[in-house]
Structures are given as C-alpha cells and as structure tokens.
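Colleague: Below is a structure I'd like to ask you about.
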Amino acid sequence: MACANISWPEEDFVCSICLDVFYRPVSTPCGHNFCRTCIEMFWEKQVQFKCPVCNKLFCKRPDLRINYLLTELSAQMRTCAQAKEQPCVQPSEVPCDVCTGTQLMAVKSCLVCLISYCHTHLEPHQRVTGLKRHQLVNPMRCLQDRICKKHDRLLELYCKTDQVCVCQFCTEGDHKNHPVAPLKEEHDVQMAKLKTMESEVKQMIQERQRKIQEIKDIVNFSKEDAEREIADGAQVLHSLMLYIEKYRDDFNQIVKYKLDSTVRRAEGLVKELEQEIGDLNNRSSEVSQLSHIEDHLHFFQTFRSQKKPPHTRDWTKVEVRPQQFVGTLRRSLDQLEEPLNMELKRLCDAVELERVQQYEVNVTLDPETAHPKLVLSEMGNKYTMEVYARKSETTLRDSHTI
C-alpha cells in the first residue's frame, strides 16, 4: 500500500497513553481519542471512569466508538513508518502480494490464502482469531503450484500409491481407495527415512574412508618394506660381488699361471730343437764336403779326423699337451660355492625372522565363551599381538598371560 500524503503533524496521530501511533483508535464522549487497548486497561486500574486528557468524569463506563477516519489515517502512518524501516524487495527475495506501488519484502506466506505478506499486511493474521489458524511458512514463490489444477483446491494430501500430492476431491476420483496421508504426516515419515538414509550414507562414507586409509597404509608400509629390502639386497649383493671379484682374480691368476708354464716348457723345447738342428746342419755340411774328395788317401785321412756325430735326443717320446682349463673353473666355482651358501643362509635367516611389529587390538570378551585364565590389560579391553613374518606365512603369537 502506498503511503498517503498526510499534511497533519505526526503528534496528532499519537495516543496520549502509550505515546505511539494509534492502533484501533476509539473516541470517548468528551471527544478525545485513544487506542482501544490503552483506554480499557487505564479504566481497569481506576476507581472512577474519567478521561486521561481532560479528567472529565463519567457516571458509568462509556461506550467507546470507533474513529474510522483516524483508524485509516493511523494505518497509513504506520505503513509509512514501517516502509521506512523495512527494505524493498530484492530480486532474490519474495515480494508482498498485497503491497501496491512499491512492493516490500514478504516475511511470511500463508498456505491457506496462498498469499505472501510483508510485516504490515501480515498484521491481521496475527490479530484475527480465524486468520490465526492459517498455516504460515517462510516466504516462498509460486504458491499457485499448491493448488490442484483439476479441482482448484489446496494440495494437502499425499497419495502413497502414485507418490503425488493431491487435494481432498482427488481422493474421491482418480485416487479413490489409494492410501493417502496429510502432507505434514508424510513429510515427517519421509524425513525420518531421509535421516536414516543420511546416517547410512555417512556410515558408508566412513567405511570407504577407512578402506582408503587402510589401502594407503598398506602402500606406505610396502614402500618402506621395499626400501628396506632394496637396502638389504644392495648390501648382500655388494658382499657377493666382492666374493665373486676375489675369486675371479684368483681364477685368472691360476689360468695365467698354467698358460705361462706351458709356454715356458714349449719355448725350452723349441730352443733345444733349434740347437740340435744347427748341429745337424753343420754335420751335414761336413759329410757333403767329404763326399766330394776323390783322393783315396786324403779321403781316409779326412774321414778319420771327423768328430763323432753330435748327441741328439729321442724326440719321438717328447710331446707338449694343450693345457686343460675346465677343471680350473669348476674348482674355483666349488671354492666360491661355500661363502655364497653362507651368505644366502644368512640372508634367508634375516628374511625368516623379520622385524617384530606390535599391534593393539580392541577386543570384547564374552564371559561365557572366553578362556577362564585369559588375563587382559588393566583397561580390560586390550592385548598385544606380536606378528612374525616367516617367508610367505604369518604366525600370530598372543602376548597375554596364561
């Protein structure tokens, strides 16, 4: 409602008792105006009925007459005052459906009237007994969607069969014999289901978060275990490489020694053979010269002076056999096998008895089924388990006292 252009001063519209703008103003026989509630409460506290302004006495409680002109003017004054305090509706807010001209922001919507009201126009719903029974909700748009398109009645029931909102007339037609319930009742039922569903979803989320954390913990443990294994493996392999390099050097020295022995013997025999060949070549030259002498006397004289044939070895039994190195390699590997086996045994022992991990496990013992001699911690709900990793299987040993 637009503010009226009132030229009278504001003091003329103020009740002299409450000092506020008239609310439901009434006039006394002496012509003064008061709020109905103010004057009635004033007379209830007085022994005599008199006017609070002029102190005129009345023989009996006078009949109060409604001042309609002052009521309208006071209402306009109140509307203008509230309009100054109350902001205008914003695009994202619900406007008052009653305001004309400048629309104010609605503070409530009536599901019976299907109208949204600002503070000023909501006043009758807070004062009139019949309107007080109307259901008021936070401001909402499209209230016409709450009306049944077929019967032009309020949608106040819920059809459980078709799962739609219906009016009272719908239950006598298309939804006859269908189970229906008031919207509020069904709303409470569905809200309870939603809360249960929300709780279940949260539980499922927590379970999956725990599973994610479990997987991450396993991955982290695997990374740490892999790093430890790589470090241990590097140390063991380094030791093995030192052993192998040592025996490689020893093997090379043995092979070279055997080769050098064969070469030295062969060179000695070749040198001796070359010496004999030289001696035999000299003897051959002498024999050739002797064969060309024709003088018989000179021949025999020369022949007798010839030295005896040079001494030579019987080379038919002398031989140089090639050196066999396969046995050397085998013997070296046999010597390497023992330290390798010792190192592997030490490694297997280290893997077989890995580091001990302790876990605290929450347990709840059934007094009817639990072992009578089982003793838990002081808290009564924990015990310690030591986990030993032995190759591919895990042995659990309880550390409780029996």
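Colleague: Take the Cβ-Cβ distance between Lys160 and Ile212 as r, set R0 to 30 Å, and report the resulting FRET efficiency rounded to the nearest 0.05.
Modeller: 0.15
Colleague: Given the C-alpha centroids of segment 269-293 and segment 114-150, what is the distance between them in whole angstrom?
Modeller: If we compute the Cα centre of each part, the gap is 146 Å.
Colleague: Another one. Rounded to whole Å and ordered largest first, report the semi-axes of the equivalent ellipsoid of segment 223-296 derived from its Cα gyration tensor (root of 5λ).
Modeller: Equivalent ellipsoid of segment 223-296: 71, 8, 4 Å, largest first.
Colleague: Hey, with R₀ at 51 Å, roughly what FRET efficiency would Gln168 and Leu69 work out to, going by the Cβ-Cβ distance, to 0.05?
Modeller: My answer for the efficiency is 0.70.
Colleague: Kirkwood hydrodynamic radius, segment 101-221, all distinct C-alpha pairs: what's the number in Å?
Modeller: So the Kirkwood estimate lands at 18.3 Å.
Colleague: Determine the gain in length on full extension of the stretch Val47-Gln103; use 0.36 nm per residue of separation and subtract their C-alpha separation, reporting nm with one decimal.
Modeller: Length gained between Val47 and Gln103: 15.4 nm.
Colleague: If you don't mind, there's one more thing I want to ask. Taking θ as phi - 60°, what are the ³J(HN,Hα) couplings along segment 262-275 by the Karplus curve (6.51, -1.76, 1.60), each to the nearest whole Hz, with x for Gly and Pro?
Modeller: Each residue of segment 262-275 in turn: 5, 5, 4, 5, 5, 5, x, 5, 4, 5, 5, 5, 5, 5 Hz.
Colleague: Shifting gears a bit: For Val263 and Arg283, what does the FRET efficiency come to when R0 = 41 Å and r is the distance between their Cβ atoms, rounded to the nearest 0.05?
Modeller: Approximately 0.85, to the nearest 0.05.
Colleague: If the chain between Ile205 and Phe58 were fully stretched, how many nm would it gain, using 0.36 nm times the residue separation less the Cα-Cα distance?
Modeller: 45.1 nm
Colleague: Also, quick follow-up: What's the extension gain from Arg228 to Ser27 if we count 0.36 nm per residue and subtract their Cα-Cα distance?
Modeller: 62.4 nm
Colleague: Here's something else I'd like to know. Which pairs, out of Lys160/Lys211; Lys256/Lys345; Lys60/Lys132; Lys246/Lys317; Lys108/Lys195; Lys195/Lys223, put more than 31 Å between their alpha-carbon atoms?
Modeller: Lys160/Lys211; Lys256/Lys345; Lys60/Lys132; Lys246/Lys317; Lys195/Lys223
Colleague: Right, here's the next one. Taking the simple approach of a point 7 Å from Cα along Cα-to-Cβ for both His151 and Arg133, what is their distance in nm?
Modeller: My value for the distance between the label points is 1.9 nm.
Colleague: What nm distance separates the two modelled labels at Val219 and His238, each placed 7 Å from Cα along Cα→Cβ?
Modeller: According to this spin-label approximation, the distance is 3.1 nm.
Each reported figure results from applying straightforward, stated rules to the coordinates on display, with no laboratory input. Remember, predicted model here, so these are calculated numbers, not experimental data. With ideal geometry, Cβ positions are generated from the backbone for all residues, glycine too; neighbour counts draw on all protein chains shown.
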